[in-house]
Structure formats: C-alpha cells, structure tokens
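Only the coordinates and a few stated rules stand behind these numbers; no lab work does. Please read these numbers as outputs of a predicted model, since none were measured by experiment. Cβ coordinates were reconstructed from backbone atoms using ideal geometry, including for glycine residues, and neighbour counts include every protein chain displayed.
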Amino acid sequence: MIRLLCWSVLLFCSWHSVADITVRPAYARFTHLADSQAISPFATSMLQDAQGYLWLGTHHGLYRFDGVSLQHYPADSTKADRLSSDWITSLLMDSRGILWVGTRYGGLNRFNPATEQFSRFNWPDADNSEITALTEDDNGTLWVASYGGGVATLPTSAGQLTRFMPEALSDFRFINHLSVRDNQLYLALGEAPQRRPGNEVSGLVRVDLAGAGVTHWHNQNSNLAVDHITRLHWMPTSELALATFGGGIWLLQSDDSLQAFTTPIELNQSQLTDILTDTLGELWISSFDRGVWHYQPKTGQWRQFTHEALLRDGLQTNAIFAMFQDQAESIWFISHTGFSQLSAFARQVQVLPAAPDNDNLLTSNDVFGIDAVAPDQIWLANRESGLARFNPQTGALQKWPLPMPAGIGAVPTLARAVKSIAGEVWLGTDQGLFRLQADDSWTLLPLPLPRQPHISAIHVDKQQRIWLASRTDGVFVLDSRFRLLKHLHPNSNGQALPFSSITVLYEDQFGDIWLGSVDQGLARVGANLDRVEHWQQNMPAGNGLVYNGVQAIIEENGHLFVRAGNLKHRVLRSSQQPRLITGIKGYQQDSDVDQELKQATAFNLMYRFIWSDANQGFIQLGASHGVQDATWIASSAVAFGNVYRGGRQGLDIYPLQLTQRQFPPPQLILHQLSMFNQPVQPGLNMVLPQPLSQTSQLIFNHLQDMFSLHFTAPDFLQPQQLQYRYQLEGFDRDWLGVHDNNRVATYTRLPPGDYRFLLSARYQGGSWQPPQSLQITVLPPWWMTLGFRFMLVIVLVGTISAVIVWRFANERRLRVLLEREVAARTEEIEQQHQALQDSYAELKKAQQQLVTQEKMASLGALVAGVAHEINTPLGICVTAASHLQAELDAITAQYANGGMQKSAFDRFLQRVTDSVRILQSNTGRAADLVNSFKQISVDQSYDSVRNVELISYIHDVLLSLQPQLKKLACQVKLDVPEQLQMYTDAGALAQIITNLVMNSLHHGLQEVAQPQIAISLQQQQQLLHLQYSDNGCGMSATDLARLFDPFFTTKRHQGGTGLGTHIVYNLVTVRFSGRIEVSSSPGQGLHYNIWLPLRMTKD
C-alpha cells in the first residue's frame, strides 16, 4: 500500500511538475558474464526458470547457466529436435514450465524440460518473420508478436500458430512488443534498435478481445510527440507505461488519454528500450544511447549509470536492449557486449571510482585515508593524487594535488592519511603533516626530527590531543594547538613503544589508544600516557595474537575487535575490571564463532563479511556484490550508518543495513545422468524416463556399471563459495567433498544391491543443508537373480538325488565284489606283513649284533692297547725284581760265609732302595692303567648317568687310546675349561670320542705326515659344544652326504664295518637328544660340531 501511495504521488507530480530534475551520476560494480564464460557477446534476451537456471538468448544459440557452467543449445536445421535458428529474439516460460523460444527467421521453438528436446512451430503462411515478443494470457494461450508478420496465437491444444485478425491488423504488422491484460491486447509499433518498419504506421494499438474493437494511438490523434514505441510495461499503479524511441515515457490513463511521465530532459531525448520495476518498487529505464536511469519513488531521486571507458567493472556500453530481474533481485542488462549483472547488494553500494580524464571521479585508484566528517562531506587521501572531498548525496567531488613545499622539506609522493580538525583539513604524507589553507595552499607542520615522518594515521582523542602515527618514527602526541607533548618510539625514555612502524590507530571507550603494526603485533597506550602494553604472535595461546600483521581495530557493542593476518580477533576484558585485558581470542575455526562476533556487523562488513542465519555461517562479499576485493589497511571509517572503505578501485560506501539482506540456502539440483561418460537424454532411455531432477529412483542393469550424477545449486552471486558433498549409502563409508568446478559423482562396478545417494551443499564456513536423496538400484545379472538361483537349486537337488540313487545301487553291486576282493587281498597282505615283520626283526637283530660286535671290537682294541701299556711297567718290575733277587742272593751268601762287609751291605741297601722305587713307580703306573681301563670298560658296557668332570674324563679316554695314537705318532690338542662338569651318560660320551678318534686314525690320518686331532669343549648356555677336527684326507661331498648311513665305509676291504659314525649319530641324536653337524672337503680334514645337553635326564 505504501509503495502504491508513493507511485500515486509520483504520477500526480509527473503530470503537473515542470521543474528541472537533477540526475546524479552513479557508478556501481557490474559483473559481466563474458569475462568468466565462453558465451556469445551478442545477447538478446533472458529469463529464469523455477529451478533457478538462467536461460540466455544470443545471436549464437540458447544457453542455460547455473552460475558456474553453461549448457549450450545450438541450432541444427537438419534435426527436428534442435533449435531452428541460432538468432534468439525472445524467451517465455509459460505456466506449465515450458520454455518458448522466439527466433529471427526461424519461427517459434518449444523446449520440453521433460525430454530436453525442441519442437518447431513455423510462422503462418511459411513467412518466418522475426519474432519480437511472447506472452501468455490467463487461458494459457500463447501470443506471438513479429516484426513484419503481425500477431499469431497458439492455444494450449493447438499444434500450429494461427494469424490473429489478419485483416483488421493488416496495417499493424511491425510490432516491437505486446501485452495481454484484462482481455485486452496491446501492441507497440514503430522504430526500434536495429529495426526499421516497412511502412509508416507506428504508435500504440489496443484490441478488445471480447468485442474485436481496435484503438490506435499515434502522434496525429494523441499527445504522443514521438510515436515509435519500443516497450510496454505495467506500472505498480496498474497503468500501462510506453517507452518511446526518442520521446520519453507515456502513461495510458483510464480515460484512454496519454500523459507524459516527467523524467529528466536527457531521458526524454533518449532512445528508450525497456522499463523495469524491481521488487522494491524502484524504476529502471534503459536506453540505446545513454545507458540506464534509476528512479527511487520514496526519495524522488534520479541516478544515471553510463559507460565509462576506464572502469573495467562499470557498465560496458550505453546501448542496452533489455533488462531482467532474477530471483535473487539482481538486475541483468542485455546488450551487444553480453549480459551484465547488477546485484541487489551492488545497488546499495555507492562507488567512487577513478578516471583521470573525468573531473567527477578520482584521479588515482588508491584511497589510503578516509575521514567521514558529515554525510555530505567525506575527505579522502588519494595516494599520489593528493586530497579529495566527496559529497555522496550529490556526487560532487573536489580535488587538491599533493603539497609542493618551497624549500622546506622533501616533496611528498603520496597522501596517506586525512583528518578534519576544528574546521581545518590536515593531510598526512610520506614527507610529514600538511594543513590545507583557505587559499588552497599547503603549510607543513614541522616535527622535531632530522627528516619529516611518514604519517599513517591522524586522530583526535577525547582529551582533544592529536595523535600522529607514523610508519617510521612511532607516534607523536600533540596538544590542541599542535604543540608536541610526547614522542613515543622504541628508544623513548619512560614508556617505550615495542615498534616504530604503525599502520592502525584507534581509541577505545576508556580513552586508551590502540596501535597496530605491520608485523610486530598490537600495543595499547594508556589514556594518561603512563603505560604501554604489547601483544604479539609468540605469546601463550589465548594471550596473544594468532598473527602479528594488524589490519584494522574497531570497537562495537562494547567489544574491541582486531583483524590481523586476515584473521578476526577479539580482545577479552575482565568483567570486574574492564580495562584489564585477560587475553585475545582468535577466530581460527568455524566453531570459534560466537554471538559477539555475529553481532559485530560493522567489523564484519568492513572486510566484506555478513552473518547468514539461514546458512549458519559468514558469507564474504565480492565483486558480484558490488564491493572491491582489495582494500588498504586502515583505509576505512564507520559513520552515519555507513561503512566507508578505500582500496585499489577507489571508494566504496555501503550501508550497515546491508547486513540485513539474507542469503537463502543453496537449492540443490541433480540435473544430469551420464553413462560411460555420455549424457543420458531424458525420455529416450528406460533408465531415465524423465529429467533427473524429477526422478526419485534409478535402476541399472549389471552391464550399466559406470555412471555419473551431475549436480548443481544455481547461484549467480557467490558460486565460488559453494561446497558440495555426497555419499552413496551402502557403498561409501563417509562423505566425499567436491568444489564448485567439479560437481559430479562417478561410480563404477557397483555390486548388485539397493543404495541411497545423498547430496548436500553449503556456503563455505556455513552449516551443511539437509541432504537430497536419490534411490539407486543395481540389478544382478540373470544368473545371480533369486529366480535363477531357485531353479538352479531345484536342478541341482534333482541331479544330486539321481546321482545318489544311482551311486547307492552301484555301490551295493560293487560292495559284494569289493568284499570278496578285500578278503583275498587282506589274507595276502597279512602274509606279506608277517614276512616283513620277521625280516625286520632279523635285520634289527643283525644290526644290534653288529653294533655290539663293533662295541666289543672297540673294547677289545682298548683291552689290547691297555695290555700293551701294562706290559712295559710290568717288564720293568720283573727286571727290577730279578736284579733284587740276585743282590739278595749275593748278600745272603756273604752273610752266610760271614764275610759280609759293611760297604757291601750299604751297597745292597742302596740297590734295594732303587729297586723298590722302580717297583713302586711301575706298579703304580700299571694300577692307573687298570683303573682307567676299568672305568672306561664299565662305562662302555653299561648305560649310566652320573656327574663327569670333563677334563679328567677326556684325559682318561685319550689315555686308553694312547696305543693307537702312538702307532701314527698322532698329536691330540685338548681344549677343555677347568671345573666344567656334565651330568650325562659317561659311557656314551666315551663311545662318541673313541669312535671319532678311531675313525680319524683308520680313515683320515693314515697317510698324513704329522697327524693332528683337535678337541674343544665349550659351554653355551645349557648345552655343551664339542668341536672335533683332524687334518686328515677329508671327504668328497658325495661321501660326506652318506657319512652317517649305516654300513657305509671307505675301507670295507680293510676290515671297516661302516657303523662307527652311525653309532656316533645315534648316540648324539637319540641318546643325548643333541645335534651333530659335519663339514669336509678333500685334503681339508674332517670337522664335527656336536651340541649335547649339560644335564641329561634319566630314561
């Protein structure tokens, strides 16, 4: 109602006001589709469907756009399901969701979204004129206007176009636009951009569809000064507005009179092409020669957007054909340079760009400093161009170049900061601080330094002190008369600053001054200049900054926020002592966002962030929202309900109420199915009988094992912030994330089964939206179906049953034969088994006898050797006894004769003593030999387990083998540790050593010049390691492999039995449960390694 009242007042004033209308030049940031997409620049028309897609008509075909990618529909005259012509002139989406496409000389095309195919409707009488406009009435009838062919209709049930009132409207064939309302048909006739009529008939025509009456308004019978009408538009007041080609805008009144709509003079003289009323009730008027006008009924203000050659993001041409507003309230401008978007955000952002040749714009792009003195007075430090004063309300701009001091200091090269103090404007430069005089000259304020500092910020605090921050020399504090009170820097006496380069200066609610540096963190100077505190990156977590580079400081809702290193921080204060800083919170993760940050609208908006409740996250504004991406540190101000932001593209002014605009959550669309990397057309394949977006289940057979699902969420403002994730339940274990440029999910070789495809989206940093689902079924091959398996089971059961019956019968027949055969064979086997047992017993008996004989032979050799050894001492004893007997007989005879002398008796006693000593020595030796023989023979004859002192026992064994060793003069080297004892079968141990020595003497050392045997014993944990080696002739690999075989000997014809090493092997492995290894090669002797347990258990 309020909007309608505003329009009513506007129309009343437009009929009667004759005052001049002021038009303010306006600049905004447009996004141009051709900059990011490969699309024809020759744009003609556009619309948006219910799913959010934009359909774009060009001279080179039809496009569908989702904000990231384009789907091109080119013409192909040879295929009936393709477009009939590439030159698209008009588009219409009817009430059924059918897309109608008007072409130039190609007739009308209908696009069916269910099949994504076109069908054609030729113009009546085969005269395919240029279709200029399409509309649908309340009955669903399609009305088609052409330039040269009049009007045609296409009822819902009709299959072809029909000329409408060809006789009555024969003079009205060159139609630019049409509209149907309240059973009335309106036609706009006359010249239009790139169109020239074939006759002189122009103006407005109305046809009463109920009574078939025709009314024609033109310059001869109405107030129309120029009757070339290009566009018809229904105003919010339900009045029909006529846009003319050089005659302004006219309104058709209820009494059928035409009244001029009061507009700026330039607009009345322009070649108007379109009229649009946006969702706010504001009027947009496009022209073919002077850009676009914007009218706000609430304020009565007119703005004009025109092409500026040096503005890359501005309007690209003044020749605009048409306009369109999408669902996000962005207005699109259609021209021969393409499609240009002006978002709802961008329309609220006031831009002051740079163009050196335009006095109404900045000279340089970069705005380093801002001082918002009043809503109509904004001072700007414009880098190398100096100072500027801007009036946002009128667009007026005044500029002053950089100071050029005469002989005092260096010449400044850039303007860094600006501040209006007590009606005087001060400019901070890289060569000191300057004051603007009334005569537009500059005066330098000299500071007591060898060179003037680079002033980066100027501030007047609550005590009227002036703070000058510099990028080189710390901060200067001046009184209200600009006298220096204090100079704070790293080397200053008393309170020293932690850094000298300052980029940001801010005063909080307590009068404390906060200073930010490029790379050394944040500092606070007390209001009384009595303390300096410092926070930086390397402090403990929660106490300092996350990054040192401070970019902005602002206090909002009682909280001090800091932006450093492109990360948001909040200074934490004590609730009891607010001036006491307890830490600094860095918002590093999405989960760190708190209510305080959400409500800091100015702080967030300063760096282009808006909190979205619908998405539960921040949305970052960009060029598509009308704000520049690159802004300068400290080049900002918040005042009068606006944020003023300077950057590399001039000045941006956006209202704080901008944060009230909401961002609806992304609307997901599954729009295409591909199989084996080829798109599947809906309706042409049983898998996809209708569009994927309308499908709830997909069913694949086992051969269709590679498919892709393409998805999107149409967005034309921030598509780069969209994030997607998907999961195939029953196959994927977790969500899989994708970005906006790879919006496809591909699966190959899925096992048969039922799955559910889940798809979700969000804006970066926000919450994931509830997932969209699609059921997917993969059918098994016929041989894996339940029916086939059931039949297979039946066949298998029947076959198995038949086989079992046959086998039972056959087995019964064979059983009898088998039993007879088994009985006969069993008897024969038993006889053979008995014979084998008898033979085995005889062999074991013979083997035992041979082993016993070998042992007895060994014992016999031992006896013979011992007997030989005993013979020597016994022979000596016999000789000594015989000599003693002769001496006794001689001394007895002397005694008997009484002639025994003392000397003879003494000699006798001496000889007796010598003989007795000889007898004692040799009898003792014989006794030792007998004892050794007795022990060895007993040990070898009986199995006994006892403690054995190895060194003495081995000596005894070797002593018993001494005769055999002497025969070959063989030396034995024995290495046995002292006190080494072994609880073992001593006889078996002696048998092992005896057999090894005898085997060496008989087989290896016969032809060796200096035969040697080495025996070494070592304890290894619970084992005795016996190493035995000789320097004999050795053995070949073939003989060595058979060394432990029974009856294997190399001296069979010389009395060898072949059981010596076999007995050794059995004693080691069976009796001792030990291990024996042997190695040899010809000429290298024989080497044994034997491991025996140190403690043997009794069997």
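Summary of values
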| read-out | value |
| --- | --- |
| Nitroxide proxy distance, nm - points 7 Å out along Cα→Cβ at Ala210 and Asp613 | 4.7 |
| Charged-residue dipole, Cβ positions (Lys, Arg, Asp, Glu), the range 41-161 about Cα centre, Debye nearest 20 | 220 |
| Neighbour net charge for Met606 - beta-carbon separation under 9 angstrom, K R +1, D E -1 | +3 |
| Selection from Gly1060, Ser1080, Ala1014, by position along the positive dipole direction of the range 999-1091 (Cβ) | Gly1060 |
| Cβ-based net charge around Gly494, under 11 Å, with every Lys or Arg adding one and every Asp or Glu removing one | +1 |
| Size of charge dipole - the range 356-489 - debye, nearest 20, with Cβ of Lys, Arg +1 and Asp, Glu -1, no other charges | 560 |
| Nearest-ten-degree value, helix 2-16 long axis tilted from longest Cα axis of the chain | 40 |
| C-alpha center-to-center spacing [the range 740-815, the range 399-443] in angstrom | 82 |
| Pairs from Lys419/Lys486; Lys298/Lys598; Lys419/Lys462; Lys399/Lys419; Lys486/Lys585; Lys967/Lys1051 whose Cα-Cα separation, in the structure shown, is over 22 Å | Lys298/Lys598; Lys486/Lys585 |
| The chain: antiparallel DSSP beta bridges as a percent of all, rounded to 5 | 95 |
| Which of Ile553, Gly617, Leu580, positive extreme of dipole for the range 536-640 (C-beta unit charges) | Leu580 |
| Relative contact order of the chain, defined on C-alpha pairs under 8 angstrom at six or more residues apart (%) | 6 |
| Label zone at Val738, where the point sits 7 Å out along the Cα-to-Cβ direction: the range 704-727 residues whose backbone N lies under 19 Å | 705-716, 719-727 |
| Label-point separation, Gln662 to Thr237 (7 Å along Cα→Cβ), nm | 3.3 |
| Paramagnetic label zone (point 7 Å from Cα along Cα-to-C-beta, Ile98; backbone N under 18 Å) in the range 140-154 | 140-145, 152-154 |
| Kirkwood hydrodynamic radius of the chain, from inverse mean 1/r over distinct Cα pairs, in Å | 41.7 |
| Which of Leu224, Phe111, Thr363, positive extreme of dipole for the chain (C-beta unit charges) | Thr363 |
| Inter-label distance, nm, simple model (7 Å from Cα along the C-beta direction), Asn358/Asp137 | 4.7 |
| Gap separating the Cα centres of the range 240-316 and the range 954-983, nearest whole Å | 129 |
| The range 497-594: C-alpha gyration tensor shape, a/c 1.5 cut-off, then a/b vs b/c | oblate |
| The chain - mean residue ellipticity at 222 nm from DSSP helices (-39,500 (n - 2.57) per run, n ≥ 4, rounded to 500) | -7000 deg cm²/dmol |
| Angle between the chain longest axis and helix 986-999 axis [Cα atoms, degrees, rounded to 10] | 90 |
| Check: the chain dipole with +1 on Lys, Arg Cβ and -1 on Asp, Glu Cβ, in debye | 2720 |
| Angle between the chain longest axis and helix 950-960 axis [Cα atoms, degrees, rounded to 10] | 40 |
| The range 669-784, relative contact order [Cα under 8 Å, separation at least 6], % | 27 |
| Whole-Å distance, taken between Cα centres, linking the range 99-148 and the range 585-610 | 51 |
| Whole-number percent relative contact order across the range 967-1099, with pairs defined as alpha carbons under 8 Å at least 6 apart | 29 |
